[in-house]
Amino acid sequence: MAGGGFATATANGVEFEAKITPIVIISCIMAATGGLMFGYDVGVSGGVTSMPDFLKKFFPVVHRKVEAGADKNSNYCKYDNQGLQLFTSSLYLAGLTATFFASYTTRTLGRRPTMLIAGVFFIIGVVLNAAAQDLAMLIAGRILLGCGVGFANQAVPLFLSEIAPTKIRGGLNILFQLNVTIGILFANLVNYGTAKIKGGWGWRLSLGLAGVPALLLTVGALLVTETPNSLVERGRLDEGKAVLRRIRGTDNVEPEFADLLEASRLAKEIFQQCTGINAIMFYAPVLFSTLGFGNDAALYSAVVTGAVNVLSTVVSIYSVDKVGRRVLLLEAGVQMFFSQVVIAIILGIKVTDHSQNLSKGFAILVVVMICTYVAAFAWSWGPLGWLIPSETFPLETRSAGQSVTVCVNLLFTFIIAQAFLSMLCHFKFGIFIFFSAWVLVMSFFVMFLLPETKNIPIEEMTERVWKKHWFWARFMDDHHDDQVFASGHVNGKKSNGKSNGFDPSTRL
Ligand code: BGC
């Protein structure tokens, strides 16, 4: 077996043997392109909506308002238009609807066909968007892309955590988020370049280049193997075991085979969207242009925040298992709160309804503060919004939990996408106070209610964390555990009587 050392995971004294095989690595790279596609969709819309040619063609009303300048319209309300917001938000509305179907296909057809369905949706959506002649075609394209996101975000994270050896599963979870941030940065860079195209078709190139990650995901889905979990789930036990041997590079897969169904656990946290991150990710160029930045500077600044987002996600990969989840979330809470309040103060004083452009010094300070905020999000709620729920869902509720949390996350994403520009118009600089208040609430939640899950094996989570927690312990149902553990096995290991809330062997 070429490549990779042994990665062994210990749980209750039993080790799973697993080489980090090329097939695992290639599969994960392929599947992570799902993250790239999602990120590209998040990042591309804001830049495109700040391009005059795009506005002129699809949103002439907004174009006229922007051209008229601050004398005629409030700085804060230039982009306040339901149709324009629908261009961004329709994707997430379609996405959250699609998660219901995706949850079904993930379970019954498998992870691989679901990723393939996502890829096909993406490709058709990209073609409609790049070739759009009118608003209907544009929105139809966004809706298809949204369906792609719904299917991909359900299947890809499950695929990643099921195919990855236990020891590097945490890192691979964050690989998905890293790809999301790379996708956003890629979109920001593309927008910066295409905005300079004279012929009025730069936005078509921006929307069309989403075809690159879309194709990668589709080809990837054709090449990768189905996960052993999914095969077992659909009763194809022998095939499941054979695949497990192949991807682990060893014949000794019995302990892990028994642990199969415990592997898939990824979901997003609801709170994540209340940080206001997508106000920045979707609308950074529009926001910067609201502050009086020229078109080029606005797009350039979005590239800078995109780069900070990627680099800070790497910080998280390195520190999450060392300093723990709580430290990252609490530190980031302080940093996000502070930077949002500073931004609100600068805007409150310097950007009034009809003021002219921010002076250079203040403009730079705003960009620095936005970067400070994005960095904090990127090493805390960004990746941990994926990781923490994935560590806490027990098997019985995992599939449902996955789709409910993805769905709720997309619902909140939709609300922010649809409402932010109107909120900016009405709340003005206060929008940042609004989000900072949420950050405060979230940080108190972390401080008092979120237990540390660093270095706790998943199967011991209920016993060692939840049942000992001052608040959550009262919701832990011992009776239910006793029933589920009637067979006396925990993940293929003889149970010591302590339960983790489920027993895969009762399912096989
Ligand atoms: C969120 C996205 C967000 C991105 C920013 C993700 O974890 O789910 O909504 O745009 O992070 O990096």
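General remarks:
- Radius of gyration and Dmax over the Cα atoms of region 107-215, both given in Å: 16.0, 52
- Compactness of region 26-153 as Cα Rg over 2.2 N^0.38 Å, two decimals: 1.22
- 3J(HN,Hα) along region 407-419: 5, 5, 4, 5, 4, 5, 4, 4, 4, 4, 4, 7, 9 Hz, from the Karplus curve 6.51 cos²θ - 1.76 cosθ + 1.60 with θ = phi - 60°, whole Hz, x for Gly and Pro.
- At the residue level, Lys322 shows approximately 140 square angstrom of accessible surface with a 1.4 angstrom probe and all protein chains present.
- Ordering 49-59, 431-441, 126-136 by mean Cβ neighbour count within 10 Å, with the highest value first, yields 49-59, 431-441, 126-136.
- Accessible surface of Arg236 - all protein chains present, 1.4 Å probe, nearest 10 Å²: 100 Å²
- Packing around the peptides 371-382, 302-313, 335-346, taken as the average count of other Cβ atoms within 10 Å per residue, puts them in this order, highest first: 371-382, 302-313, 335-346.
- Vicinal HN-Hα couplings computed from phi for region 331-342 (Karplus, 6.51 cos²θ - 1.76 cosθ + 1.60; Hz; Gly/Pro x): 4, 5, x, 4, 5, 5, 4, 4, 5, 5, 5, 4
- Ranking by accessible area, most exposed first, for Glu460, Glu452, Glu239 with a 1.4 Å probe: Glu239, Glu452, Glu460
- The alpha carbon centroids of region 270-319 and region 325-385 are separated by 10 Å.
- Between Glu239 and Phe101, the FRET efficiency from the beta-carbon distance, with R0 = 30 Å, is close to 0.75.
The values are calculated or read from the model by the stated rules, or taken from the named source; none is laboratory data. Please read all numbers here as calculations on a predicted model, not as lab measurements. Note that each Cβ is placed from the backbone with ideal geometry, even for glycine, and that neighbours are counted across all protein chains shown. Accessible surface areas use protein heavy atoms only, side chains included; no ligands, DNA or RNA. Shrake-Rupley method; radii C 1.70, N 1.55, O 1.52, S 1.80 Å.
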